[in-house]
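In what follows, a structure is listed as structure tokens, so that the remarks can point back to it.
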Amino acid sequence: MSNKKVMLNEFGGPEVLQVVEEENLPEPGAGVAVLEVGQMVADLTVWGAYTEYMLRPTDSLVPVPTDLDPVEAVSMVLSYVSAYQMLRRIAKVQRGQKILVHGAGGAVGTALLELGGLDVLEMYGTASKSKHELVESLGATPVDYKSEDFVERIQALTGDGVDAAFDAISGENFKRSFKSLKKGGTLVAYGFYNNAAGKGVSVPIEFMQVKLWDILPNGRQSTFYSIGALRKKQPDWFKEDLTKLFNLLAEGKIKPIIERRMKLEEARRAHELIEQAAVKGRIVLVVNE
């Protein structure tokens, strides 16, 4: 029995992604008593997830309710857990408060808006014009980042700014997001698209500059969120939060925006679409039908 996986052997764009086929499957260790053969489980992997089969430690697995669509369930693992933890555990946003979400039409952005809607938040989201209808459908006021100054727009719409801003853009955007906060507000930085795109952005230096603003007597604060780092620090939180999200999904209170379901072999094309900002919500790579 063979095992297909997507390999990355060099730095570059989507063109360096290669699909390979190995003759043998990875061999598991001793059997375990807490899980059943064929049981659906979920986990957050740091690398190696673009594959049909992989081995994971038992204590990192989270059971998935049997009646859930696997494609919707897997959408909870990264983007929804990130959104949930940034809202609830990092920014500690309270019911009815105001938030600004950058990249509001993307995977994490739509998750932030959907979860924020459950808390009846007053939400604003930057997005390209083509994604404004989606942003509005999730209960947020869209802001066109290409034609509008979002700092001025937020101040005009709110009067005093937002309680929390979620920024994955990096660079100059951090400073402007910080200016969008009201007194007592929190900037949550995460993701760093520019750095991932190879634009030479120094994440540590940029973020340290933002952290220095915490010293100023303006009542605002900034913090950095990394799902992997938080999981290492608070391992129980990941399981607790993912389980809560699975329950919300099962109850029909949330439903991830799935732009496309693509085969594992189409990983290169999926990344091309993401880089072109042509994706509303998320793309899920399916390893079997």
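The values are calculated or read from the model by the stated rules, or taken from the named source; none is laboratory data. Being a predicted model, the structure only gives us computed values, none of them experimental. Counting neighbours? That spans all protein chains shown, and the Cβs are built from the backbone with ideal geometry, glycine included.
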Among the residues of the range 227-241, is there at least one that is part of a loop (DSSP other than H, G, I, E, B), modelled with pLDDT under 80 and farther than 27 Å from A156 by Cα? no
Could you check Y53 against (1) free of Cβ contacts under 8 Å to residues at least 24 places away in the same chain; (2) not assigned by TED's automatic domain parsing to the domain that holds G139 and say which number it fails? (1)
Limited to the range 14-44, what total is found for residues that are assigned to a loop (DSSP other than H, G, I, E, B) and within 23 Å of S226 (Cα to Cα)? 2
Has the range 103-115 got at least one residue that is acidic (D, E) and in the same structural domain as L157 (by TED's automatic domain parsing)? yes
For the range 144-167, the count of residues that are in contact with a helix residue (DSSP H, G or I) (Cβ under 7 Å, 6 or more places away or on another chain) and buried (at least 23 other Cβ atoms within 10 Å of the Cβ) equals 4
Among the residues of the range 62-70, is there at least one that is in contact with a helix residue (DSSP H, G or I) (Cβ under 7 Å, 6 or more places away or on another chain) and closer than 30 Å to T186 by Cβ? yes
Somewhere in the range 267-283, is a residue among the acidic types (D, E) and under 15 Å from the mean Cα position of the chain (by Cα)? no
Of those in the range 242-261 that are aliphatic (A, V, I, L, M) and at pLDDT 95 or above, the residue farthest from the chain's Cα centre (by Cα) is A250
Of the criteria (1) in contact (Cβ under 8 Å) with a residue 40 or more places away in the chain; (2) touching a strand residue (DSSP E or B) at 6+ places or on another chain (Cβ under 9 Å), which one Q39 fails: (1)
Could you tell me whether F246 is in contact (Cβ under 8 Å) with a residue 24 or more places away in the chain and in contact with a Lys or Arg (Cβ under 6 Å, 6 or more places away or on another chain)? no
Under 8 Å by Cβ, and 6 or more places apart or on different chains, what pairs join a residue from the range 99-119 that is at pLDDT 95 or above with one that is of a type in the set (S, T, N, Q) and assigned to a loop (DSSP other than H, G, I, E, B)? L100/S180
Looking only at the range 103-118, which residues are touching a helix residue (DSSP H, G or I) at 6+ places or on another chain (Cβ under 7 Å) and assigned to a loop (DSSP other than H, G, I, E, B)? G103, A104, G105
Matching residues, the range 45-98, being hydrophobic (A, V, I, L, M, F, W, C), more than 27 Å from E21 (Cβ to Cβ), within 16 Å of the chain's Cα centre (by Cα) and not in a loop (DSSP other than H, G, I, E, B): M76, V81, A83, M86, L87, I90
